[in-house]
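K.L.:
Before I ask anything, let me first share the structure, which is written out below as structure tokens.
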């Protein structure tokens with residue numbers, strides 16, 4: 001057991017976790033109706049990808065992956081700001097957040 | 001350092017006049033329009049005179065030139081004087097074309113005629129067009145014409161000449177169709193333009209051939225290349241010369257493209273005088289003289305020119321015999337006189353042709369303007385049969401018309417005599433074929449004299465044949481130019497062929513000068529006369545004979561023309577209907593072309609192919625759009641699904657090792673199928 005603990009977590013585990021997160025995000029994106037849940041699914045996908053980045057950065061001792069993660073987080077933050085603003089605007093106009101009902105390119 | 005004569009002022013000034021009257025004309029008061037319209041050609045004329053003066057000064061002064069005139073080597077401006085725009089126009093390895101103007105003896109004579117006569121006709125137009133609504137429009141077109149005509153004349157290469165060539169065609173079209181609300185005028189304008197296009201096609205082909213074979217379009221360089229290599233004979237030179245002649249025939253109304261000129265009389269009469277008698281229609285003659293080296297190297301092309309000229313001269317003269325519209329008589333006489341000029345060119349007597357061009361510009365402008373004065377005086381009446389006895393009512397017009405008629409008939413010592421005589425003489429010297437050309441020319445002279453005196457008798461002599469005619473003499477602005485042109489028609493020929501030929505010799509060669517100097521001893525006397533004088537006497541006698549016949553027909557026995565017409569109904573009908581050439585062209589060219597256009601181009605090509613292709617493309621786009629628009633539902637989750645499916649497809653495409661999977665799966669299919 002000790003031996004097991006002292007060993008590093010293998011690369012594939014991280015990647016599997018990353019893929020699982022991403023897949024969860026995709027599924028949530030596809031099946032959820034609430035706009036905020038859809039939005040959160042996107043965040044989930046982004047973070048799944050981030051995990052891959054960090055994993056590989058650690059594996060290959062390359063700092064580039066870490067930097068990319070910063071970029072992704074920044075873009076995600078900006079996106080969250082804009083996206084939430086849009087969601088609030090949509091909700092005010094339509095009194096609903098069901099994506100199936102929001103099918104016009106205008107408020 | 002050769003002085004700069006600023007040749008480009010000459011075309012520019014009329015162009016400025018065109019811009020002023022063309023853009024602002026309707027808003028300017030009439031007197032300002034008049035001033036702008038008159039100043040433009042006058043200033044151009046002054047510029048030409050300045051050029052003449054500088055050249056005369058340099059050629060003729062014993063003391064060194066000084067001051068603003070500058071000087072060249074040994075104190076004279078060498079002619080030809082070429083001015084080139086510093087920026088090249090077309091510069092590719094095979095061809096270099098500059099925007100260049102050339103002033104030599106030939107273009108100098110033409111410039112004097114174009115701007116001088118042009119100015120007089122502008123002055124005349126002030127009176128003639130006084131009450132016309134399109135006063136400013138008229139003068140802007142007239143100035144535009146002068147601009148293009150001076151470009152044509154000054155051109156140092158064929159391409160610049162082509163600009164002027166097309167431009168005068170445009171101005172001519174605009175002025176023929178000046179009364180565009182009248183259908184016949186609009187049609188005549190179109191006819192002139194389209195027929196001229198056929199000639200322009202010849203000019204274009206000639207230019208392409210020149211560029212391909214000589215690598216230059218500059219007249220002096222072509223002449224130099226031809227002069228260096230005597231091997232240039234026949235062949236391509238003949239083709240080029242014939243194409244040029246096609247262009248000249250279109251512009252100068254020669255057989256078989258003359259048909260537009262009689263119809264061009266729909267324009268205002270001063271326009272007929274300026275464009276369709278004195279200047280533009282002579283552009284073809286000028287062009288042949290300008291490119292004469294090509295013709296000189298092709299005897300065949302030269303004889304074609306001579307035959308076309310002689311045939312046109314007599315053909316048009318016979319039609320003119322029976323026309324009753326005063327302007328149509330003059331139009332056919334113009335065609336006939338242009339035929340003379342081409343006859344002159346065709347026997348390589350270019351200077352004689354240019355001489356006739358000049359005198360013809362004087363007396364034909366005079367005759368047209370006098371006809372305009374008659375029409376003006378009679379309130380628009382053009383039918384000779386309704387005139388008569390006008391000499392009392394229009395004394396000045398009568399006097400100047402008499403001068404014009406005497407000049408065109410070739411009576412000594414009026415201008416037409418000298419130039420016509422020079423052409424006939426040159427034709428006579430041109431071997432045995434020349435004698436035939438001479439005979440045709442002489443017969444034409446007889447006809448010319450007859451129909452001009454017919455016009456004279458019908459319009460001015462006898463008694464008035466129409467009661468409701470209240471003729472009045474024209475204003476001074478019209479009579480002034482008439483009197484000046486009458487003086488020119490009297491004196492214009494006095495310069496004499498020898499001096500004129502010697503002046504032009506550097507530019508067009510001096511082949512006329514090689515006259516045979518045999519003399520005829522008058523039997524029983526000590527006196528002998530030279531061939532030239534003898535031929536002159538014959539020509540004058542012929543002209544007087546024409547007069548006498550006209551006198552018998554239209555004064556002493558006024559019933560005779562009707563008798564003759566009744567005696568030869570077929571011949572009369574043929575002439576009165578102008579040999580049915582318009583009908584012939586209508587049946588053989590226009591109608592088939594219209595039919596072809598309507599059925600093949602209209603239905604098959606336009607409706608079928610062009611329109612069909614447009615409908616097909618549009619239909620295809622609408623069909624695919626109708627299908628694809630279902631995709632764009634606006635439903636976010638369906639978009640997301642497609643996006644995911646696409647990403648998955650890409651992933652599958654990238655990750656599956658197709659090279660191994662594909663054969664294996666094919667094998668599986670093979671086995672499943674039962675093998």
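K.L.:
Taking only Cα atoms, what is the 0 to 90° angle, nearest 10, from helix A:35-60's long axis to the longest principal axis of chain A?
P.N.:
Its long axis makes an angle of about 20 degrees.
K.L.:
If I take R0 = 25 Å and measure r between the Cβ atoms of residue B:606 and residue B:194 in this structure, what FRET efficiency does the formula 1/(1 + (r/R0)^6) give, to the nearest 0.05?
P.N.:
0.80
K.L.:
Then there's this: Taking other Cβ within 10 Å of each residue's Cβ, how do B:140, B:477, A:41, B:597 sort, fewest first?
P.N.:
Sorted ascending by nearby Cβ count, the order is B:597, B:477, A:41, B:140.
K.L.:
Note down the relative contact order for the range B:365-462 as a percent, whole number, built from C-alpha pairs under 8 angstrom at least six residues apart. The partial results should precede the final answer.
P.N.:
Values: 89 pairs, mean separation 34.9, N = 98.
Rounded, it is 36 percent for the range B:365-462.
K.L.:
For chain B, what is the relative contact order in percent, using Cα pairs closer than 8 Å and at least 6 residues apart in sequence?
P.N.:
That works out to 11 percent.
K.L.:
Grab the beta carbon distance between residue A:84 and residue B:636, set R0 = 25 Å, and tell me the FRET efficiency rounded to 0.05.
P.N.:
Between residue A:84 and residue B:636 the formula returns 0.90.
K.L.:
Which order do the peptides A:70-76, B:195-201, B:38-44, B:419-425 take when ranked by the mean count of other beta-carbon atoms within 10 Å per residue, highest first?
P.N.:
B:419-425, B:38-44, B:195-201, A:70-76
K.L.:
Taking the Cα-to-Cβ direction at residue B:615 and at residue B:392 and moving 7 Å from each Cα, how far apart do the two end points lie in nm?
P.N.:
Simple spin-label model gives 7.3 nm for this pair.
K.L.:
Using only the Cα atoms of the protein assembly as shown, what semi-axes does the equivalent ellipsoid have when each is the square root of 5 times a gyration tensor eigenvalue? Give whole Å, largest first. Display every interim value, and only then the final one.
P.N.:
Working: eigenvalues 1369, 213, 167 Å².
Output for the protein assembly as shown: semi-axes of 83, 33, 29 Å.
K.L.:
What is the helix-to-structure angle for B:531-551, meaning the angle in degrees between its Cα long axis and the longest Cα principal axis of chain B, kept from 0 to 90 and rounded to the nearest 10?
P.N.:
90 degrees
K.L.:
Considering every Cα-Cα pair within the range B:293-341, what fraction, in whole percent, is farther apart than 13 Å?
P.N.:
Working: 671 of 1176 pairs.
Cα-Cα pairs in the range B:293-341 separated by more than 13 Å: 57 percent.
K.L.:
Normalised radius of gyration for the range B:189-313, please: alpha carbon Rg relative to 2.2 N^0.38 Å, two decimal places.
P.N.:
Normalised Cα radius of gyration, the range B:189-313: 1.11.
K.L.:
Now, a different point. Note the angle between two axes, namely the Cα long axis of helix B:219-228 and the longest principal axis of the Cα atoms of chain B, as a number of degrees from 0 to 90, rounded to the nearest 10.
P.N.:
Helix B:219-228 sits roughly 80 degrees off the main axis of chain B.
K.L.:
Just to be sure I understand the model, the point goes 7 Å from the Cα along the line to the Cβ. What's the resulting residue B:596 to residue B:541 distance in nm?
P.N.:
5.2 nm
K.L.:
Can you sort B:580, B:139 from fewest to most other Cβ atoms within 10 Å of each residue's own Cβ? Display every interim value, and only then the final one.
P.N.:
On the way: B:580 12, B:139 27.
Lowest to highest Cβ neighbour count: B:580, B:139.
K.L.:
Next question. Express the relative contact order of the range B:175-324 as a whole percentage, based on alpha carbon pairs under 8 Å and six or more residues apart in sequence.
P.N.:
29 percent
K.L.:
How big, in percent, is the set of alpha carbon pairs in the range A:3-42 lying more than 13 Å apart?
P.N.:
For the range A:3-42, the share of Cα pairs beyond 13 Å comes to 60 percent.
K.L.:
Fewest Cβ neighbours within 10 Å first, please rank B:451, B:585, B:350, B:438 accordingly. Don't jump to the answer; show the numbers that get you there.
P.N.:
Working: B:451 27, B:585 15, B:350 31, B:438 23.
By the 10 Å Cβ count, ascending: B:585, B:438, B:451, B:350.
K.L.:
Label-point separation (nm) for residue B:87 and residue B:239, each offset 7 Å from Cα along Cα-to-Cβ?
P.N.:
Going by the 7 Å Cα→Cβ label model, 3.5 nm.
K.L.:
A follow-up question, please. With a cut-off of 16 Å, note down the residues of the range B:37-54 whose backbone N falls inside the zone around a label point 7 Å from the Cα of residue B:24 toward its beta carbon.
P.N.:
Inside the label zone: B:37-40.
K.L.:
Mind telling me which of A:57, A:85, A:20 comes out most flexible in a GNM of chain A, alpha-carbon contacts under 10 Å?
P.N.:
Looking only at A:57, A:85, A:20, the largest GNM fluctuation is found for A:85.
K.L.:
Can you give me the C-alpha center-to-center distance between the range A:37-107 and the range B:40-54, rounded to a whole angstrom?
P.N.:
82 Å
K.L.:
Any idea how far the Cα center of the range B:238-258 sits from the one of the range B:275-321, in Å?
P.N.:
Here the answer is 8 Å between Cα centres.
K.L.:
Taking the Cβ-Cβ separation of residue B:589 and residue B:556 as r and a Förster radius of 35 Å, what is the calculated FRET efficiency to the nearest 0.05?
P.N.:
The computed FRET efficiency comes out at 0.20.
Values in this text are rule-based calculations from the coordinates and carry no lab data. The model shown is predicted, which means the values in this text are computed figures rather than measured ones. Backbone-built Cβ (ideal geometry, glycine too); neighbour counts: all protein chains shown.
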